[in-house]
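Student: Here it is, the structure in full.
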Amino acid sequence: MTDQREIKRYRCIKECQFDKCDDDGFFIENEYEYVLPGSIWQESTFLIAGGADNVHLDREDGKPNTIEWCEPTKETLSECFEQIESLYIDEH
């Protein structure tokens with residue numbers, strides 16, 4: 001029997017803003033990135049800059065010159081994103 005791991009997916013339904021981070025996950029003062037409605041995201045267990053109340057999302061649809069990842073709080077996730085069909089990955 002094959003085990004499957006669920007990867008939750010989300011669609012942004014309301015524009016939201018995040019502090020911009022450098023490659024090491026440190027905030028860049030007074031710089032922001034925006035997530036636009038319609039963009040598609042996958043949940044990951046890996047956190048770069050967030051804490052226990054955050055969820056890491058990686059951009060799935062990879063459009064050029066857009067934010068690649070974000071870490072909304074669970075409150076922002078429920079307000080600005082809707083869950084869509086999950087992906088299931090076979091794990092052996």
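The values are calculated or read from the model by the stated rules, or taken from the named source; none is laboratory data. Small disclaimer: the values here were computed from a predicted structure and weren't measured. So basically every Cβ, Gly included, is an ideal-geometry build from the backbone, and we count neighbours across all protein chains shown. For the accessible areas, the whole protein counts, side chains as well, though only heavy atoms, and no ligand, DNA or RNA atoms are used. Shrake-Rupley method; radii C 1.70, N 1.55, O 1.52, S 1.80 Å.
Student: Checking Leu57 against (1) surrounded by 12 or more Cβ atoms within 10 Å (Cβ to Cβ); (2) of a type in the set (A, V, I, L, M); (3) modelled with pLDDT under 90, only one condition comes out false. Which one?
Tutor: Failed condition: (3).
Student: Working only within segment 2-52, note down all residues that are free of Cβ contacts under 8 Å to residues at least 40 places away in the same chain, hydrophobic (A, V, I, L, M, F, W, C) and not in a loop (DSSP other than H, G, I, E, B).
Tutor: Residues satisfying the conditions are Cys21, Phe27, Ile28.
Student: Sticking with this one: Kindly establish whether Glu85 is on the phi < 0 side of the Ramachandran plot, touching a residue at least 60 places away in the same chain (Cβ under 8 Å), touching a Lys or Arg at 6+ places or on another chain (Cβ under 7 Å) and open to solvent by 80 Å² or more (accessible area, probe 1.4 Å).
Tutor: Spelling it out, Glu85 is indeed on the phi < 0 side of the Ramachandran plot, touching a residue at least 60 places away in the same chain (Cβ under 8 Å), touching a Lys or Arg at 6+ places or on another chain (Cβ under 7 Å) and open to solvent by 80 Å² or more (accessible area, probe 1.4 Å).
Student: Name, by its number, the condition in (1) open to solvent by 70 Å² or more (accessible area, probe 1.4 Å); (2) of a type in the set (Asp, Glu); (3) under 13 Å from Arg11 (Cα atoms); (4) free of Cβ contacts under 8 Å to residues at least 60 places away in the same chain that does not hold for Glu79.
Tutor: So Glu79 meets the others, but not (4).
Student: Filter segment 53-92 for residues that are assigned to a strand (DSSP E or B) and β-branched (Val, Ile, Thr) and give the result. Talk me through it step by step, then tell me what you get.
Tutor: Let us first name the residues in segment 53-92 that are assigned to a strand (DSSP E or B), namely 54, 56-59, 69-70, 73, 81-91.
Once the filter is applied, which keeps residues that are assigned to a strand (DSSP E or B) and β-branched (Val, Ile, Thr), segment 53-92 yields Thr73, Ile84, Ile89.
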